[in-house]
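So the structure is just underneath, and the comments pick up after that.
The values are calculated or read from the model by the stated rules, or taken from the named source; none is laboratory data. Just so we're clear, the structure is a prediction, and the values are computed from it rather than from any experiment. With ideal geometry, Cβ positions are generated from the backbone for all residues, glycine too; neighbour counts draw on all protein chains shown. Ligands, DNA and RNA are excluded from the accessible area calculation, which covers all protein heavy atoms including side chains. Shrake-Rupley method; radii C 1.70, N 1.55, O 1.52, S 1.80 Å.
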Amino acid sequence: MTRVAAVQLAPVVGALAANAATIQAALDAVPDDVDVVVLPELATSGYVFRDADEARSCAVTAQDATVSGWATTASRLARGTGGIVIGGFAELGDDGAVYNAAAVVDRTGVVGVYRKVHLWDGEKACFTPGAQGPLVLDTPHGRIGVAICFDMEFPEWTRMAALDGAEMLAVPTNWPWVDRPEGERAPEVQIAMAAARVNRMAIVCADRCGTERGVDWNEGTTIVDADGWVRASTGPGAGMVVADLDLVANRDKTLTPRADLLGDRRPDLYQALSRPGRVGHRGR
């Protein structure tokens, strides 16, 4: 089993030092027996930037101590054998561009960075979109993929991670509040449940809380297993949820002896997905 924690916290836009302290306090509260921790999107910087200049002023390289320093927590995780911390930050790339990114950090430091490809709304004015598919890495605790927030609303993206062997998808996210009928989960959580089920891949979403420049959040931090069921979720406010996931079992994509989620695909009929515009059956 892989023990996973998802952390919900309230970064403040532009308050880098205070955010670093908030993150560290949250990481300090993670039990030693946790293997993988997921933090929210743009946890180091806050989210609601006024413009690209403000986003750039909050951007750091992946080797900045506010990100690479998560290695200290990674070192004590998994009962001291070393775990993984995954979290969002505004990245200043080597190319000078600013990205909405997520770092994967183990006890040795940053071992991977994913740059968000599907930018949401005002993010397009502040960030350069990534140009690579979902990051998928082999770790001592399973084969783990990374996507960010709006990426998950594109079924092609979660399927790509599954096809690359991801047994769990870590999703740092900031979900703006969405009105919904009483008793219903946030729509993004329902998307995670569906994506997990159709790919037999656990999905761990770390959302944020608080109100930032008039924006409220879904506070939808959720751990979903490969059958699409919610194993743990937070309520309002800062907090953390923990669940045990059998990632090894997620390698099996069969539903019955003659039904296979990946083996039964028909990619010969899916080519239209790579073309813009509407697709479909043109017969009568």
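Things worth noting here:
- Calculated from backbone phi, Karplus (6.51, -1.76, 1.60) coupling profile of the stretch 68-75 in Hz, x at Gly/Pro: 5, x, 5, 4, 4, 5, 4, 5
- Placing R0 at 35 angstrom, the Cβ-Cβ distance between Arg56 and Thr256 gives a FRET efficiency of 0.10 after rounding to 0.05.
- Look at where the Cα atoms of the stretch 119-156 and of the stretch 196-268 average out, and the two centres are 15 Å apart.
- Direction-averaged projected area, Cα convex hull, the stretch 85-138: 4.1 nm², rounded to one decimal.
- For the chain, DSSP calls about 70 percent of its internal beta bridges antiparallel.
- Val248 versus Asp95: modelled label distance in nm, points set 7 Å from Cα along the beta carbon direction: 4.1
- Potential lengthening of the chain between Leu273 and Thr108 amounts to 55.4 nm, from the contour at 0.36 nm per residue minus the alpha-carbon distance.
- For the Cα trace of the stretch 175-220, dividing Rg by the Kirkwood Rh returns an Rg/Rh value of 1.04.
- The chain, helix-only ellipticity at 222 nm - DSSP H runs n ≥ 4, -39,500 (n - 2.57), divided by all residues, nearest 500: -5000 deg cm²/dmol
- Mean projected area (nm²) of the alpha-carbon convex hull when the stretch 175-284 is viewed from all directions: 11.2
- For Gly112, residues with placed amide H under 5 Å, excluding near neighbours: Val104
- Extension gain (nm, one decimal) between Asp216 and Gln132, 0.36 nm per residue minus Cα-Cα: 27.2 nm
- When you count the other C-beta atoms within 10 angstrom of each residue and take the mean per peptide, 180-186, 67-73 line up highest first as 67-73, 180-186.
- Calculated accessible area for the chain comes out at 46 Å² per residue, all protein chains present (probe 1.4 Å; ligands, DNA, RNA ignored).
- On the chain, 52 percent of the accessible area sits on carbon and sulfur atoms, based on a 1.4 Å probe.
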